[in-house]
């Protein structure tokens, strides 16, 4: 009779990796999931097998916890990798795809930085970030304005050099777009920066990275809160060059203890 012990181990490891593709499904709602997470933390050999199983699928295990379950990210070249041009296709942007790729990229980056404006917030598992579409849109535009001012002060040409920092190459694209750009039917146009921000937030919400906390009656817009799953993903993002550039620009709004980010004054960037 064949010994299926090894096969059972491999199947259990693959099942745990598979749970990572169900971002809104948590161990608290599934006893099998909970036991696999528990085993991952208590059995080093099983944890190693899970990581190797994920690697074979082109995935990196970002974290495993009872709160968020399995969180993994696609390795470069993986079939599961969602590049920014693929994301643009998913949100049905058919024209100016290269420009949209840049705009959505910088918007996603801004959401991450605004959600966790301090490194201690990113390191604190109990911290919950808060973002609104208007804050993200205004922050990105403020950053672009600052970069434009810096470029003008050194008489920089319209086209930045290839070795320029990532944000230096992106702000020109963003500033050319209107915030609203209404259509004939009164809706926001697809190219409007506010539409880009809303779609980026919706994308993260649909993947269990953000939760929605109703509509703020005073601002008439939805408030999003970060999940632990998103926090773990942003920790990976924090190692990128562009994320570091945003943090060092010095234009992050202050943070309060009661309501997350305060509104940025369009003239001073602060209240």
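Could you work out how much longer the chain between residue 5 and residue 30 gets when fully extended? Use 0.36 nm per residue separation minus the Cα distance between them, nm to one decimal. Please list the in-between numbers first.
Numbers: separation 25, 0.36 × 25 = 9.00 nm, distance 2.35 nm.
Full extension from residue 5 to residue 30 adds 6.6 nm.
Which value, in Å³ per residue, describes the convex hull spanned by the Cα atoms of region 5-74?
Values: hull volume 5.2 nm³, N = 70.
Convex hull volume per residue, Cα atoms: 74 Å³.
Which whole-number percent is the relative contact order of region 5-74 (Cα, under 8 Å, 6+ apart)?
Working: 86 pairs, mean separation 25.7, N = 70.
Value for region 5-74: 37 percent.
Just so you know, all these numbers are worked out from the coordinates, no wet-lab data involved. Being a predicted model, the structure only gives us computed values, none of them experimental.
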